[in-house]
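The block underneath contains the structure these notes are about, expressed in structure tokens.
Since every read-out is calculated from the coordinates, none of them should be taken as a lab result. Please read these numbers as outputs of a predicted model, since none were measured by experiment. Quick reminder, even Gly has a Cβ in these numbers, built from the backbone with ideal geometry, and neighbours come from all protein chains shown.
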Amino acid sequence: MKKIHISFKLFPFLIFLLATFGTQAQDDSTNLFERQYFLQGDDTLPCRILSPLHFSTGKKYPLIVVLHGSGERGSDNEAQLKWGSYLFLDSANREKYPAIVVFPQCHADSSWSVRVKNRPRDSSGLYSFPMDVPPTRPLQLVMSFIDTLINSGIVDTRRIYIGGLSMGGFGTFEILWRRPQLFAAAFPICGGGNPLSAKLYGKHFPIWVFHGTDDDAVPVSNSRIMVDALKNAGARVKYSEYPGVKHDSWINAFAEPELLNWLFEQKKN
């Protein structure tokens, strides 16, 4: 069995997390997102983790995982904070919504999801999403990291949330059908997925989907198809489509005043 651990300052995993959560300085800098590296075998997943305010040992906290887009891939353990981190760093939000927030980083030569661009590209620019293949290594590492956090005893397993933008939106739709029993809510932004997968998770938790009507990188039809599939699967789905917005609808999504309130209202039975 491959060993799974966090490699940082040579502390054991849980002890390191507790020490980090208990001693972080409180400011609005992205430095509050602690640099960590999740190791599994020969693979490394760079991660930035924001601890809850007033962290208390013995208490369990909601877990939010945010998957970045293709432009933030790499190994610097920095770029993935470009979009969305500011929402969770807001002092009022940290006070009102204490949670463990994780921004993992995908390697430059990979992706969060398995998808194939249709060729020749049709008018809607749709993709194919095979479901008979293993996950990409970065997505597998994310799933293993979530499991490790759960096993540490600090995560409220009724309140695990997943979201992402662009490439991370595709990854969000994929991780939902691969681990349908894991999450309490999801927020995919300008992504897409296999509509046949919606029946595997649609009834398990609510989903809020976002997209811009003029997206010239990931056509809005990708989200529309998934929303229709989710409705047909009996899902509690919300859909926000922004007129005139191109491939940056995550700016609008992260500015939604009800996003965090909606997210934190969701709990698994």
To make sure I understand, if each residue's beta carbon is the centre and we count other beta carbons within 10 Å, what order do L165, L182, L141 fall in, fewest to most?
L182, L141, L165
What span do the alpha-carbon atoms of region 158-269 cover on each of the three principal axes, reported in whole Å from largest to smallest?
38, 30, 21
Could you list I175, I225 so that the one with the fewest beta carbons within 10 Å of its beta carbon is first and the one with the most is last?
I225, I175
Once you've got the GNM for the chain with C-alpha springs shorter than 10 Å, pick whichever of A198, A253, A217 has the biggest mean-square fluctuation.
A217
Counting Lys and Arg as +1 and Asp and Glu as -1 over every other residue whose Cβ sits under 14 Å from the Cβ of I150, the net charge comes to +3
If you add up the charges near D215, with Lys and Arg at +1 and Asp and Glu at -1, over every other residue whose beta carbon is less than 14 angstrom from its beta carbon, what do you get?
-2
With Cβ to Cβ distances under 13 Å as the rule, what net charge do the other residues near I64 carry (K, R +1; D, E -1)?
+2
How compact and how long is the chain, expressed as Rg and Dmax of its alpha-carbon atoms in Å?
17.7, 55
Largest fluctuation, D76, D147, D132 only, Gaussian network model of the chain with Cα springs under 10 angstrom, belongs to D132
Amide H neighbours of G164 at under 5 Å, excluding residues fewer than 5 places away on the same chain, with H built from the backbone geometry, are L67, F187, I189
Proxy exposure order for H54, H211, H247, H68 (fewest C-beta within 10 Å first) is H54, H247, H68, H211
